[in-house]
Amino acid sequence: MKSEIQKNLEMLAFQRSRPFCYQCYKVAPTGRCTHCMSDDLMRELEGVGVEYGVDWVIHHILETELTSVDLEASFEESVRQCYPEETKVGWMTFDTVDLMKSQDPTSWFCAQSEYESQEESEENIVSFDGGSTYYWSFDLANLLEAQG
């Protein structure tokens with residue numbers, strides 16, 4: 001699935017950017033610079049910049065058009081759906097999630113990492129930068145579907 005999304009994002013990046021000859025500093029819409037005849041072209045994203053490849057264009061599209069997954073908030077919501085909202089200890093009542101996080105932060109971190117791995121293996125979330133930033137698969141699908 002990720003490779004299919006990656007392929008579609010690359011097509012979108014090619015649609016949104018233009019071939020650009022950096023040597024002549026001119027747009028080369030035919031794929032060859034009409035001035036120097038070079039076909040060693042960069043991609044230009046108007047108003048953003050010029051660079052080789054399309055990975056940077058994809059990064060720009062994702063960063064500006066989608067909201068990345070807040071894994072901490074998503075994990076907290078998942079825990080809240082599984083456990084009671086409040087936990088009573090003696091005569092005191094605590095928020096269950098806050099209690100879990102404060103009493104065993106290592107366990108909380110491990111559980112959150114497992115949640116992240118599971119969401120990724122089930123292809124609910126996708127990363128294009130080695131896990132630094134994740135996006136919801138349905139958000140990516142909606143973005144690509146809206147582009148036609």
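Filtering region 116-137 to residues that are touching a residue at least 12 places away in the same chain (Cβ under 8 Å), part of a helix (DSSP H, G or I) and either exposed (fewer than 12 other Cβ atoms within 10 Å of the Cβ) or among the polar types (S, T, N, Q) (or both) leaves only Ser137.
So which residues in region 129-148 are over 19 Å from Ser74 (Cα atoms) and either aromatic (Phe, Trp, Tyr) or within 9 Å of the chain's Cα centre (by Cα) (or both)? Within region 129-148, just Asp129 meets the criteria. When Val27 is tested against (1) assigned by TED's automatic domain parsing to the domain that holds Asp129; (2) of a type in the set (A, V, I, L, M, F, W, C); (3) modelled with pLDDT under 95, only condition (1) is not met. Here Thr93 fulfils each of the conditions (1) assigned to a helix (DSSP H, G or I); (2) more than 25 Å from Asn142 (Cα to Cα); (3) not basic (Lys, Arg) apart from (1). Checked against the criterion of being without any contact (Cβ under 8 Å) to a residue 12 or more places away in the chain, of a type in the set (A, V, I, L, M) and not in a helix (DSSP H, G or I), region 71-90 has at least one qualifying residue. Residues of region 1-29 that are assigned to a helix (DSSP H, G or I) and of a type outside the set (A, V, I, L, M): Lys2, Ser3, Glu4, Gln6, Lys7, Asn8, Glu10, Phe14, Gln15, Arg16.
Among the numbered conditions (1) surrounded by 14 or more Cβ atoms within 10 Å (Cβ to Cβ); (2) within 26 Å of the chain's Cα centre (by Cα); (3) more than 26 Å from Ala13 (Cα to Cα), the only one that Glu77 does not meet is (1).
With assigned to a helix (DSSP H, G or I), more than 20 Å from the chain's Cα centre (by Cα) and surrounded by fewer than 13 Cβ atoms within 10 Å (Cβ to Cβ) as the only criterion, which of Ser113, Ser102 stands out?
Ser102
Listed conditions (1) closer than 30 Å to Trp56 by Cα; (2) more than 28 Å from the chain's Cα centre (by Cα); (3) not aliphatic (A, V, I, L, M) are all met by Gly90, apart from (1).
The values are calculated or read from the model by the stated rules, or taken from the named source; none is laboratory data. All figures in this text were calculated on a predicted structure; none of them were measured in a lab. Every residue, glycine as well, gets a Cβ built from its backbone with ideal geometry; the counts of neighbours run over all protein chains shown.
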